[in-house]
Structures are given as structure tokens and as C-alpha cells.
Amino acid sequence: MPTTAPSPAERRGGGQFLSQGSTASLTAASLSGNAGQGVLATDSGTAAALNSGNAVTNTLGIGLNAQNGASISCNGPATLGGNTGGNVFGSVSGCQ
């Protein structure tokens with residue numbers, strides 16, 4: 001399972017950042033321990049789809065954050081928890 005956890009040398013890292021109408025589909029990804037958001041989508045037409053087996057945990061920001069016309073959807077079970085800014089914010093659907 002791919003991970004976005006920070007490297008030991010840097011002690012910080014970002015999750016997935018999408019903007020300007022880009023799209024992404026994640027399956028069986030672990031976004032954990034990030035300094036910012038787990039997934040941040042911004043700008044109109046930008047979309048992230050989380051399919052089965054994803055985990056967004058223990059970020060120092062919001063787990064799933066969609067703003068300014070972007071959207072994030074969960075199309076399968078996802079594990080969300082321990083995100084200091086909350087698990088979801090903005091136009092996020094199907095995610096618990």
C-alpha cells in the first residue's frame with residue numbers, strides 16, 4: 001500500500017494536492033501523518049475519488065478538504081480518523 005507519511009529526515013510531508021480542474025482516483029492508499037491535509041482539492045472542476053481501501057489518518061490538518069468548487073467523493077469504504085483539523089470539510093460526499 002503506498003503511503004504519504006513524512007520521511008524521518010524531514011518530519012513533514014503533504015498528502016495529495018489537486019487544483020485547476022485536475023482529477024485523481026485513489027485505491028488502497030494510506031495518507032497518514034501529513035503536516036497539512038490528507039487530500040486537498042481546490043478550484044472548480046477539480047475532483048478526487050477515493051475507491052476502496054483508503055486510509056486518511058493522523059494528519060495535522062483536515063483529512064479530506066474540498067473547496068472553491070472542487071469535490072471529493074468516497075466510492076468505497078475509507079478509514080478516516082485522528083486528523084487534528086477534522087475528517088472532512090467542504091464538498092465531500094460518501095465519506096464518514
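Reported count of residues in the range 77-87, each being surrounded by 20 or more Cβ atoms within 10 Å (Cβ to Cβ) and outside any loop (DSSP other than H, G, I, E, B), is 2.
The set of residues in the range 37-96 being under 15 Å from PHE17 (Cβ atoms) and β-branched (Val, Ile, Thr) consists of VAL39, THR42, THR46, VAL56, THR59, ILE62, ILE72. Can you tell me which residues in the range 43-55 are under 15 Å from GLY15 (Cβ atoms) and surrounded by fewer than 16 Cβ atoms within 10 Å (Cβ to Cβ)? Passing the criteria: none in range. Set side by side, the residues SER25, SER44, SER52 differ, and just one is outside any strand (DSSP E or B) and modelled with pLDDT of 95 or more, which is SER44. Scanning the range 55-76 for residues that are in a loop (DSSP other than H, G, I, E, B) and over 17 Å from ALA29 (Cα atoms) turns up LEU60, GLY61, ASN68, GLY69, ALA70.
Among what's in the range 56-76 and is among the polar types (S, T, N, Q) and under 13 Å from ASP43 (Cβ atoms), pick the residue that is surrounded by the most Cβ atoms within 10 Å (Cβ to Cβ). Restricting to residues being among the polar types (S, T, N, Q) and under 13 Å from ASP43 (Cβ atoms), the top hit is ASN65.
The values are calculated or read from the model by the stated rules, or taken from the named source; none is laboratory data. Predicted model, so just to flag it, every value in this text is computed and none were measured. Ideal geometry is used to build each Cβ from the backbone, glycine not excepted, and the neighbour counts take in all protein chains shown.
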